Amino acid sequence: QSVTVNDYSTVKKGQVLVTVDPQEYTVTLQQAQADYQQTLADIQTARADLATAQANVRNVGQNLKVAQSNAAVQASRRDKAQNDLKRDQNLYQDQSLTQKQLDDTRSNLDVQTRQYQATADQIGVVSSSQAVAQAAIQRAQANIQKFQAVLNVKQAAIDNAKLRIGYANLTAPISGKIGRKNVVVGQYVQPGQNLFTIVNDSTFWVIANFKETQLEKMRVGQPVDIKMDAYPSLKIEGQVASLSEATGAKFALLPADNASGNFVKITQRVPVKIDILHPEKYKNELRAGLSLEVAVRVTDGPAANPN
């Protein structure tokens, strides 16, 4: 979408260099946010279902108490009717009661028994309703847990989309100068593609390849005189920072194989890292990849260790 720097520009760490068209990432974010809101609505619905189921359980509990109370009352009426029938049967045996009176007592027992059975059946119906209401509570709770897990996934999708939108702004990882720009506006880019080369201009060093025969007296910390081919009159001070643990040939793509019977002795070169002292003095002259001549002062005396 935009490129904010040109070749050889000075950049600061965190400065935006390239802005990639974020439209695709923005659409993805909007879709993720919509899915998140939908899941929130599902959770609210499940919570409403849970509240309804809990209210139903309370109502069914009250109905069950009423049904049990009615059954207890009807049971006592049935028992009284049974006792009345036994009494009237005895009276009928003693001819103290007419047949019609006995039939009325027996008929009343039948009525009370049927009414008791009806109240007992009602207890069963209410108990079944209670089980259904309890199952509805469990379903609502399970739905809430399920939608909560889905909500976490949707939140992760939102975070990922925001992260991708953040990647649309490519920033400089270090301060320095643009050595090469490999991107233009309108170009398609891929992850891992090299868009810029940034040269860190706050720290400078030299890699000098010395012969192995020159290392006998070379030590870390010794002063170094550096001369640049580009600026031969410029005197640069340096200091030996470290010596490589292997020769340059060992790091070659195809290292030489000195097999038995095929050995030719060749003087090897050893990379030596030299730090440039006071680099701010030479910031405008130093360039990565320039040719230099270096001389390490390995002699004893104050000149060998000026610092």
Among the residues listed as ASP94, ASP103, ASP84, the single one being modelled with pLDDT under 85, farther than 30 Å from GLN62 by Cβ, surrounded by 13 or more Cβ atoms within 10 Å (Cβ to Cβ) and among the charged types (D, E, K, R): ASP84
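Per-residue answers, yes or no, for (1) in contact with a helix residue (DSSP H, G or I) (Cβ under 8 Å, 6 or more places away or on another chain); (2) within 30 Å of ASP159 (Cα to Cα); (3) polar (S, T, N, Q):
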residue: LEU40; (1), (2), (3): yes, yes, no
residue: ARG58; (1), (2), (3): no, no, no
residue: ALA67; (1), (2), (3): yes, no, no
residue: ALA75; (1), (2), (3): yes, no, no
residue: LEU102; (1), (2), (3): yes, no, no
residue: THR113; (1), (2), (3): yes, no, yes
residue: GLN117; (1), (2), (3): no, no, yes
residue: ALA149; (1), (2), (3): no, yes, no
Take the residues in the stretch 2-48 that are of a type in the set (S, T, N, Q) and more than 28 Å from the chain's Cα centre (by Cα), then tell me which one is surrounded by the most Cβ atoms within 10 Å (Cβ to Cβ). SER9
Of the criteria (1) polar (S, T, N, Q); (2) part of a helix (DSSP H, G or I); (3) under 30 Å from LEU163 (Cβ atoms), which one SER107 fails: (3)
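Per-residue answers, yes or no, for (1) part of a loop (DSSP other than H, G, I, E, B); (2) surrounded by 11 or more Cβ atoms within 10 Å (Cβ to Cβ); (3) not assigned by TED's automatic domain parsing to the domain that holds LYS177:
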site	(1), (2), (3)
THR213	no, no, yes
LYS217	yes, yes, yes
GLU237	no, yes, yes
GLU245	yes, no, yes
VAL264	yes, no, yes
VAL294	no, yes, yes
Tally, over the stretch 190-201, of residues that are over 26 Å from VAL270 (Cα atoms) and part of a loop (DSSP other than H, G, I, E, B): 6
Quick one: count up the residues across the stretch 170-189 that are surrounded by fewer than 17 Cβ atoms within 10 Å (Cβ to Cβ), under 28 Å from the mean Cα position of the chain (by Cα) and not in a loop (DSSP other than H, G, I, E, B). 1
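The values are calculated or read from the model by the stated rules, or taken from the named source; none is laboratory data. Keep in mind that this is a model prediction, so the values were computed, not measured. No Cβ is skipped: glycine too gets one built from the backbone with ideal geometry, and neighbour counts run over all protein chains shown.
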